[in-house]
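Structure first, commentary second.
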């Protein structure tokens, strides 16, 4: 199954404290969201990946903000089952293929989407979504580029997610609203579970 078909929303998670990783992943799973993208934006991100992979194996674990081939290999070594990048380069595509995992690379223009298609990549992250034309831009791409599917990320919220999910070329959206920083820092994982439950029911 494609990563884009696992959930209407892929939570985009930034974690400073690896001790929060497992309870957060369990809360998302309890809410009905069995996938997450943990970004490599903190020094402890790989440790958080390792803990989730070991202790919450039912979660389809991804690693985001992979910007170099080394990031891809480190993330996969820590247990990531897919990787996400804010952009698309031949070296990232090659690294993901070498590691044997799906890559969801970012694009923001028609030319970038065509370049990804030339590299054999047809499932893409549209980033930053709201700043790059939003749902209207993706709707305009459906006819000329019918073979592409997208996960819009960047400025996507519970309020505008249905606009994206209503599009035929959008499989899911990525968003950080499921794991608010204040809730994670406070250990309020019931709130995370409830936000995940609401997201799991989102349909355009």
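The values are calculated or read from the model by the stated rules, or taken from the named source; none is laboratory data. Note that the structure is predicted; figures quoted are calculated from it, not measured. Because the Cβ atoms are built from the backbone with ideal geometry, glycine has one as well, and the counts that use them run over all protein chains shown.
Given the conditions (1) in a helix (DSSP H, G or I); (2) within 12 Å of the chain's Cα centre (by Cα), which single one is not true for residue 51? Residue 51 satisfies all of (1) in a helix (DSSP H, G or I); (2) within 12 Å of the chain's Cα centre (by Cα) except (2). A single entry from 24, 46 fulfils the requirement of being closer than 29 Å to residue 162 by Cβ and at pLDDT 95 or above: 24. Would you confirm whether any residue within region 64-82 is under 24 Å from residue 191 (Cβ atoms), touching a helix residue (DSSP H, G or I) at 6+ places or on another chain (Cβ under 8 Å), in contact (Cβ under 8 Å) with a residue 24 or more places away in the chain and assigned to a strand (DSSP E or B)? Scanning region 64-82, I find no residue that is under 24 Å from residue 191 (Cβ atoms), touching a helix residue (DSSP H, G or I) at 6+ places or on another chain (Cβ under 8 Å), in contact (Cβ under 8 Å) with a residue 24 or more places away in the chain and assigned to a strand (DSSP E or B), so the answer is no.
Of everything in region 90-121 that is assigned to a loop (DSSP other than H, G, I, E, B), in contact with a strand residue (DSSP E or B) (Cβ under 8 Å, 6 or more places away or on another chain) and free of Cβ contacts under 8 Å to residues at least 60 places away in the same chain, the residue that is surrounded by the fewest Cβ atoms within 10 Å (Cβ to Cβ) is 101.
Exactly one residue out of 178, 167 is farther than 20 Å from residue 123 by Cβ, touching a helix residue (DSSP H, G or I) at 6+ places or on another chain (Cβ under 8 Å) and in a loop (DSSP other than H, G, I, E, B), and it is 178.
The residue that is surrounded by the fewest Cβ atoms within 10 Å (Cβ to Cβ), among those in region 142-164 that are out of contact with any helix residue (DSSP H, G or I) (no Cβ under 7 Å at 6 or more places or on another chain) and assigned to a helix (DSSP H, G or I), is 162.
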